[in-house]
Amino acid sequence: MENQWLQVSYADLLQATDGFSSANLIGVGSFGSVYKGILECFETVVAVKVLNLLQQGAFKSLAAEWEALRNIRHRNLVKILTVCSSINFNGNDFKALVFEYMPNGSLEKWLHPNVDEQPQLRNLNLTQRLNIAIDVASASSSSFENTNHDLKPGNVLLDDDMVAHVGDFGLARFLSEAAESCSQNQTSTFGIKGSIGYIPPEYGMGGKASKYGDVYSYGILLLKMITGKRPTNDMFKDNQSLHHFAKSAFPEQVMEIIDPRLLQENAEAFLDSENHNNLKNKMRDCLVALVRVGVSCSAESPGERMEMREIAMEMHAVRDLYLEVGIQ
């Protein structure tokens, strides 16, 4: 450990999370659980990812995630603060990653609020969704594009200003290595265990993880943000998918598949404006462009997908077009 990293013990993290209390549990992943905590000695709110070492591959996942993030600095990546490798008070191995805390939680929880939450209080307007989509594209198209991300809404976290930060690199890196050593069926099963709905089809056939896999996951994520539908929705069966659902509506019926909350939010603006037809057309143009990008990114063949840098440029252009409308 270099001096730049916080030095924390098991006891520090135990105290910070109130004994890893269920009240502080903010997420559960393939290889462990994440808790909110307060490191009083540093006066810092953190997210503590505690590895389930009984899960095969957990330690390898931790090592991969640490290695991927420790030397990277980017405004749209979750900032890793330190790692703790110790012994708990029962004499068992304890390993955890400590991250900067993201107070607005995950994109998944904003797109699909829990039943006990008031959906209208956790809705994202189109400007916010555009900003988040650009943040994710920026993180994925930066100079470390050879690092495979595990892109899905649960791994896109939002800070105080609703700026998106991509996290959880361990699973994707481990999948890449697993593909080289497992049989086709084993690899497919492992992939489904990770991010069902966001894993590109070539991974399920034993293909090696690549930047085009990230593009596929980004396309599905974008389509979910625009339609409000999960790729695992019961309506997608018998060889149907979120990709096919969006592609079949493009471009004439795009407005029929848009998340209703996006349209409801701007209904009053359309009614009050003298140029409401123009505003509707501009908004439709933006949504059609977003669906086009999502469909292109989630093409079945990797060679048909866009490049991440191209995606980032397209998304900026769409946002510029939308902001000219003057609704938000």
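Only the coordinates and a few stated rules stand behind these numbers; no lab work does. Bear in mind the structure is a predicted one, so any value in this text is a computation, not a measurement. Every residue, glycine as well, gets a Cβ built from its backbone with ideal geometry; the counts of neighbours run over all protein chains shown.
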Ascending count of other beta-carbon atoms within 10 Å, so fewest first, for Ile311, Ile72, Ile196, Ile80: Ile196, Ile72, Ile80, Ile311
Thr232, Thr82, Thr227 arranged by Cβ crowding within 10 Å, fewest neighbours leading: Thr232, Thr82, Thr227
Relative exposure of Cys84, Cys286, Cys297, Cys41, judged by other C-beta atoms within 10 Å (fewest first): Cys41, Cys84, Cys286, Cys297
Full-stretch length increase - Asn104, Asp159 - with 0.36 nm per residue and alpha-carbon distance subtracted: 19.2 nm
Residue pairs, from the table Lys152/Lys237; Lys36/Lys208; Lys49/Lys224; Lys36/Lys237, whose Cα atoms sit over 28 Å apart: Lys36/Lys208; Lys36/Lys237
For the range 203-218, 3J(HN,Hα) per residue [Karplus equation, 6.51 cos²θ - 1.76 cosθ + 1.60, θ = phi - 60°, Hz, x = Gly/Pro]: 5, x, 9, x, x, 7, 4, 8, 5, 6, x, 4, 4, 4, 4, 5
Förster-model FRET efficiency, 51 Å R0, Leu263 and Gln15, C-beta, rounded to 0.05: 0.60
Charge sum, other residues only, whose C-beta stays under 12 Å from Arg75's C-beta, Lys/Arg counted +1 and Asp/Glu -1: -2
